[in-house]
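Chemist: Structure in structure tokens, see below.
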Amino acid sequence: MTAWPPSGSLAANIEITSISVRRGDVIQIGGQPCRVADLVQLPAGAKRLFFESGEVLTMHAKSRLIALRMTRKW
């Protein structure tokens, strides 16, 4: 995973579903933080998440995960 440049952003832990997941969210998988690089919509509300590190995760419609999301500081 590439280093994050310093900015005026704040980090927040949030619960995500296949509906609310976004590019840039950081999800911990097997103890490793992985940043979502791309998303593909699948049937029945599922999404396939592609991470910067090369891992792939299929998130079903009822899946719930905790993610770190960067928010802008205004």
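The values are calculated or read from the model by the stated rules, or taken from the named source; none is laboratory data. Since the model is a prediction, treat every value here as computed from it, not as a measurement. Here Cβ is always computed from backbone atoms with ideal geometry, including for glycine, and neighbour counts include all displayed protein chains. These area figures cover heavy atoms from the full protein model, side chains too; ligands, DNA and RNA do not enter into them. Shrake-Rupley method; radii C 1.70, N 1.55, O 1.52, S 1.80 Å.
Chemist: Pull up segment 23-36, narrow it to residues that are in a loop (DSSP other than H, G, I, E, B) and in contact (Cβ under 8 Å) with a residue 24 or more places away in the chain, then point me to the one that is surrounded by the fewest Cβ atoms within 10 Å (Cβ to Cβ).
Modeler: Applying the filter and picking the extreme gives Gly24.
Chemist: I would also like to ask the following. Restricting to segment 37-48, give me the number of residues that are open to solvent by less than 80 Å² (accessible area, probe 1.4 Å) and modelled with pLDDT of 95 or more.
Modeler: 7
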